[in-house]
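Notes follow once the structure below has been shown.
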Amino acid sequence: MAQLPILRYPDPRLHTVAQAITVVDDAVRQLADDMLETMYAAEGVGLAATQVDVHRQLIVMDTSEERDQPMVLINPEILWASDEMHVGEEGCLSVPTIYDEVRRHARVKVRALGRDGEPYEFDAEGLTSVCVQHEMDHLRGKVFVEYLSLLKRERIKTKMVKKTREDQARRSR
Ligand code: GNR
Ligand code: NI
């Protein structure tokens, strides 16, 4: 097991489009386990491979209260999305300290391959629905701040560059 470094916005690698996974082998399972360890350590509810600079269609999530329900989604697809939309506050491990409202489908039906390489489907609502849509955006190279106004996005970029510089200075002291 290992924790992986998380790319921080505005790193251009966050805009890479992920490739489908052709074989779910031990290397993919190892990556999923390392991503789960990274996600739990960072207290996130989800993590996309894009965020750890691996450009393959792999997501891990755990939206349970107890944080004991790890999910692995390989090559996820939205089979159905409700017309009803929901506006909720989002955050992102790649954009720490920034939270803002994003409009998403209220409910989605998802198909993916699991850690065992077998397909499964599930219906999601609430945080799980938001999280799947947020993570699938990462796989397409999209970060949630791209739904915000240009003005907000420019302010966030400036803040993140400054924060990353400060964090690096702190680490080298
Ligand atoms: O930990 C996370 N919390 C969260 C809250 C509201 C909407 C989406 C998320 S996902 C985020 C982790 C993350 O950055 N995943 O890509
Ligand atoms: Ni995110």
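Values in this text are rule-based calculations from the coordinates and carry no lab data. Since the structure is predicted, the reported quantities are computational estimates derived from the model, not experimental observations. Don't worry about glycine lacking a Cβ; one is built from the backbone with ideal geometry, like all the others, and counts go over all protein chains shown.
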**Item:** Among the candidates Val45, Val72, Val52, residue that is touching a residue at least 40 places away in the same chain (Cβ under 8 Å), more than 16 Å from ligand 2 (Cβ to nearest atom) and surrounded by 15 or more Cβ atoms within 10 Å (Cβ to Cβ)
**Value:** Val72
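Does Val143 fit the bill of being out of contact with any helix residue (DSSP H, G or I) (no Cβ under 7 Å at 6 or more places or on another chain) and either within 16 Å of ligand 2 (Cβ to nearest atom) or within 30 Å of Thr22 (Cβ to Cβ) (or both)?
Working: out of contact with any helix residue (DSSP H, G or I) (no Cβ under 7 Å at 6 or more places or on another chain): no; either within 16 Å of ligand 2 (Cβ to nearest atom) or within 30 Å of Thr22 (Cβ to Cβ) (or both): yes.
In short, no.
Restricting attention to the range 124-138, report how many residues are of a type in the set (Asp, Glu) and either touching a Cys at 6+ places or on another chain (Cβ under 8 Å) or farther than 17 Å from Val45 by Cα (or both).
Going through the range 124-138, the residues of a type in the set (Asp, Glu) turn out to be 125, 135, 137.
Right, trim to either touching a Cys at 6+ places or on another chain (Cβ under 8 Å) or farther than 17 Å from Val45 by Cα (or both) and you get none.
Number of matching residues: 0.
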**Complete:** If we keep only residues of the range 86-98 that are within 12 Å of ligand 2 (Cβ to nearest atom) and of a type outside the set (A, V, I, L, M), then the residue farthest from Tyr40 (Cα to Cα) is Glu90
**Asked** Got a number for residues in the range 110-141 being charged (D, E, K, R), more than 11 Å from ligand 1 (Cβ to nearest atom) and closer than 18 Å to Val54 by Cβ?
**Response** 2
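For the range 41-71, name all the residues that are on the phi > 0 side of the Ramachandran plot and more than 9 Å from ligand 1 (Cβ to nearest atom). If you could, list the steps in order and put the result at the bottom.
Quick first cut of the range 41-71, residues on the phi > 0 side of the Ramachandran plot only: 43, 53, 67.
If the condition is that a residue be on the phi > 0 side of the Ramachandran plot and more than 9 Å from ligand 1 (Cβ to nearest atom), then Asp53, Arg67 are the ones that fit.
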**Request:** Please list, ordered by first then second residue, the pairs with beta carbon atoms under 8 Å, 6 or more apart or interchain, first in the range 116-144 and basic (Lys, Arg), second surrounded by fewer than 22 Cβ atoms within 10 Å (Cβ to Cβ).
**Result:** Arg140/Val17; Arg140/Ala18; Lys142/His15
**Message:** Can you say whether Val108 is outside any loop (DSSP other than H, G, I, E, B), surrounded by 14 or more Cβ atoms within 10 Å (Cβ to Cβ), without any contact (Cβ under 8 Å) to a residue 60 or more places away in the chain and aliphatic (A, V, I, L, M), as far as the supplied structure shows?
**Reply:** yes
**Request:** Could you please let me know if Lys152 is among the basic types (Lys, Arg), more than 28 Å from Gln19 (Cβ to Cβ) and surrounded by fewer than 19 Cβ atoms within 10 Å (Cβ to Cβ)?
**Result:** yes
